[in-house]
Every structure is written in C-alpha cells, then in structure tokens.
1. Under a Cβ-Cβ cut-off of 13 Å, what is the net charge of the residues other than LEU229 that fall near it, where Lys and Arg count +1 and Asp and Glu count -1?
2. Roughly what angle does helix 246-257 make with the longest principal axis of the chain, taking Cα atoms, 0 to 90 degrees, to the nearest 10?
3. What ranking, highest mean first, results for peptides 77-90, 222-235, 14-27, 99-112 when packing means the other Cβ atoms within 10 Å averaged over each residue?
4. Could you work out the relative contact order of region 62-138, using alpha carbon pairs under 8 angstrom and six or more residues apart, expressed as a whole percent?
5. Quick one: Debye curve from the C-alpha atoms of region 138-260, no solvent, what's log10 I(q)/I(0) at q = 0.20 Å⁻¹?
6. Below 8 Å between Cα atoms, with a sequence gap of 6+, how large is the relative contact order for region 163-257 in percent?
7. Kindly write out, for region 73-86 in residue order, the coupling ³J(HN,Hα) from the Karplus curve 6.51 cos²θ - 1.76 cosθ + 1.60 (θ = phi - 60°), rounded to whole Hz, with x marking Gly and Pro.
8. How high is the relative contact order of the chain, in percent, counting Cα pairs under 8 Å that sit 6 or more residues apart?
Amino acid sequence: MYGLIGCGNIGRAVAKGLIFNGHPINVLVRDNYLDCIQSKLGQNAKVFSVLGDFLTTCDIVLVAIRTSQLLAFLNENAHVLKKKELVLLQAGNIADIVSQSDCPSDLQYCRAIANINVEAGLGDVVILRTPNKGLENKVLDLFGKIGEVRLVDAPDDLHRLSMVTGCYPAVIGRFLQELIDGALKLGLDSNDALALSLKVFQNTAKTIELGRVEPKAHWRTACSKGGKLEKAMNELDDQFNKDFNFPNWLDKLSKSMVKK
Ligand SMILES: NC(=O)c1ccc[n+]([C@@H]2O[C@H](COP(=O)([O-])OP(=O)(O)OC[C@H]3O[C@@H](n4cnc5c(N)ncnc54)[C@H](OP(=O)(O)O)[C@@H]3O)[C@@H](O)[C@H]2O)c1
C-alpha cells in the first residue's frame, strides 16, 4: 500500500489523480485538515493525522511536503522512516538534505517530481533513476497511472525537465485566464469564454505540433500587416518585455534549480 504525506498543491493532485484512476491511497495530513481532506478525497482514501498510525498501513511513502520542511521532518522521524521506502516529491538539492539528516546512509528513497496535471490523470512526472530497481519500477508503475513518466539519469536533468513540466502549467494557466477575461469583456458568457479560449489554445498548439507553422510565425501571420492586431501585438510585446521579462525570469528560475 502507498501512503502520502502532505496534502498541499502537489500532494492533493497526486492523491486525487490516483483515486480517480481507481488506486486507493492513505494520506497523512495535519490534524486540522483531517475532515476537510477526507471529504475531498472520498472513500478510496484513508486520512490520518498521526504518523505512527499512518505508517503501519503503508510500505512505500510519498513525501509531498515543502522542500524547506524536509530536513526537520527527516530528523524528527528518522527512526521510523528508515524502515520504509520513500518517494520524495521535492525539487531542490535533495541528496544534500538527506545526507545532512539523521537518517541512515542506506535510506531507501527515490525522487519523482510530479506536476499539477496529475490531478486529471494527465500529468508529467520526472523520475530520477535509483539503484533500487524494485522501488523504481513500482514508482514508474504508480505514476504511469496518472500521466506520462520520464526517467532521467542525472539530478540536473531532473531539475531541467521538472522546471518545464512543473512550472509551465502555472504560466499557461495565467495566460489562459487572460484569454478568458478578454472573451468575457467582449460579452461572451462564461461557458463560451472558457470553451472558446480553450479551443483556440488547443488548436493553435496542434497546428504548431503538426509542424504547419512555427510559434513566432503563427503569431505574425495572424496579424494583417499594418492592421490593428499587429499594432496591438507590438504594444503587448513592448509592455511584456518592460514589465515582465519572461525569458529573464525563466533564466533566473532555471539557474536557481540547475547547478552550473
Ligand atoms: N506546486 C507545484 O506545482 C509543484 C510542482 C512540482 C513540484 N513541486 C514540489 O512539491 C513540493 C510540495 O509543494 P506544494 O506546492 O504541494 O507545497 P504545499 O502546498 O505547501 O503543500 C505541502 C503540505 O504538506 C504539509 N505538511 C508539511 N509537513 C507535514 C507533516 N509533517 N505532516 C503532514 N503534513 C505536512 C503542509 O502543511 P503546512 O502548510 O501546515 O506546513 C502543506 O499542507 C515542493 O517541494 C515543490 O518543490 C510543486
């Protein structure tokens, strides 16, 4: 049986994705979230707030707490966790944190970084190869139920790939919201605004995926030369570079995640 510790953004998405795909899971949450999480996850989840009780129900434990909480968590619970196989769902230099902790050096753990789309069974999960092939295969199988899985050899590859698969959904969600808000301002009702924005987004991605046109060319060809759309797009471009320099922002974020 799998257990999951921490039911925030990623933990909840993983739990929901597994449950909706018919895979039961036990979850450990803070005491004050017990009822709320139980009602959100339903009958296929058993929710605990006492670590000792929770650990008796599972052999493999997925850890979805924040990276900043990991060292204290490992130190506090090293004596009980050493008997379990752990799957650490954190970004960051986790090997350093584990080696600084009071856990034994032969602690069995594997790293997997999930993205938020696992909630719908459409996630991208990046898994770092581990010498424990038994655990690796179980983790591959588990996350294969809630999305596409990529196996990588080096921590830097884990960070690079998970930066794209893990952070970009936030950027896309933000961008889509702008499209929806724009459609609402034009007078569409909220159902049409959502449906139409999603369709345009998906079909544009499909056209590019089919190799019919490059992303930048698609943007340019949608505008008539000298027309209102071209002017608006140029203004948007200037504003975007001034207020929110996306390439710089991504570069900064990537540098903080990948060792140079
Ligand atoms: N958000 C994303 O889209 C995303 C994508 C890829 C990877 N990640 C990685 O996933 C990890 C978790 O991120 P997140 O966004 O899910 O964080 P989050 O929303 O803050 O969730 C962490 C949860 O774990 C709980 N928790 C911490 N220690 C616990 C304990 N001992 N027992 C029970 N519950 C405990 C926290 O409760 P308290 O708040 O009360 O401490 C919180 O509810 C991070 O390391 C992040 O790098 C996140």
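We did not get these values from a lab; they are worked out from the coordinates using the rules stated. Treat the numbers as computed from the prediction; the structure is a model and nothing was measured. Neighbour counts run over all protein chains shown; Cβ positions are idealised from the backbone, glycine included.
1. Numbers: positive: ARG220, LYS225, LYS228, LYS231; negative: GLU230, GLU235, ASP237.
Result for the neighbourhood of LEU229: +1.
2. 10
3. Details: 77-90: 18.1, 222-235: 10.9, 14-27: 20.4, 99-112: 15.6.
So the order, starting with the most tightly packed, is 14-27, 77-90, 99-112, 222-235.
4. Numbers: 96 pairs, mean separation 21.0, N = 77.
Value for region 62-138: 27 percent.
5. -1.36
6. Values: 24 pairs, mean separation 18.3, N = 95.
That works out to 19 percent.
7. Coupling constants for region 73-86: 5, 5, 4, 5, 10, 3, 5, 8, 6, 4, 8, 10, 8, 10 Hz.
8. Numbers: 346 pairs, mean separation 36.2, N = 260.
Relative contact order for the chain comes out at 14 percent.
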